[in-house]
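First up is the structure itself, then whatever we jot down about it.
The values are calculated or read from the model by the stated rules, or taken from the named source; none is laboratory data. Quantities reported herein were computed from a predicted structural model and do not represent experimental measurements. Cβ placement follows ideal geometry from the backbone for every residue including glycine, while neighbour counts extend to all protein chains displayed. With ligands, DNA and RNA removed, areas are computed over all heavy atoms of the protein, side chains included. Shrake-Rupley method; radii C 1.70, N 1.55, O 1.52, S 1.80 Å.
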Amino acid sequence: MTSPPDDASTLVGDGERDDGARRLRDAYAEGRLTHEDMDARLDRVLTAATRGELAEALASLPAADPGTSAAIGAATGRVKRSGVWRVPRTLKVDSALGRVRLDLSRAVIEHPVVDIVLNVGTGRASITVPHDAVVDLDGVQTGMKDSVYKAPRRPASGGPTIRITGVMGFGRLTVRHARR
């Protein structure tokens, strides 16, 4: 006999723990948690063995919105988003041989933190962020070529944080801020 999927004694996997850690980081970025509370909860999330333990560590946080993730990709050819488009909380981009061009300068960004997860083989990736965005490239692994990003001399405030993570195989990632 198997347990129902929402049973508190059901074992959790790494993916569920990662999602829990992401929810904690988001809550901290939004000012819902103190640094100490986030550290304590993060330790509990990363060591949770069951759904009950995970739910207890995430108690009192806003519910996760399942509609905040999207994936786009192409084996060859181009992946392009520009103009006015709604940016999900997490955007996964896969491209084996083609180019990726994401222009967020006129996009509708409803989340204070946006995660862009890249999985690019041999093509290039170019991302244009709003002029007031904060860019975090710490999670990008590059193969042959380094990422290109020049932070503005006088950063604007009030914009979203764009966290870019993932793998750039043989191509180059270029990130730039849009002009006002």
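Quick look at the values:
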| read-out | value |
| --- | --- |
| With all protein chains modelled, accessible area of LYS92 [1.4 Å, Å²] | 100 |
| Cα Rg, Dmax, the chain, angstrom units | 18.1, 62 |
| Computed accessible area, VAL167, all protein chains, 1.4 angstrom probe, square angstrom | 60 |
| Which of ASP136, ASP39, ASP115 is most accessible, then next, and so on - probe 1.4 Å | ASP39, ASP136, ASP115 |
| For segment 98-178, diffusion coefficient by Stokes-Einstein and Kirkwood Rh (Cα), 20 °C, 1.002 mPa s, µm²/s | 168 |
| Mean separation of Cα contacts under 8 Å, 6 or more apart, over the residue count of segment 34-180: relative contact order % | 20 |
| Exposure of THR122 as accessible area (Å², to 10), given a probe of 1.4 Å and all protein chains | 70 |
| Selected from PRO152, PRO112, PRO160 as most flexible by GNM, with the chain as the system and alpha-carbon contacts under 10 Å | PRO152 |
| Modelled FRET efficiency - R0 45 Å, ARG101 with ASP7, Cβ distances, 0.05 increments | 0.50 |
| Length added when fully stretched, SER147-ARG78, from 0.36 nm per residue minus Cα-Cα | 22.9 nm |
| Probe 1.4 Å, protein heavy atoms only - accessible area per residue of segment 57-180 in square angstrom | 57 |
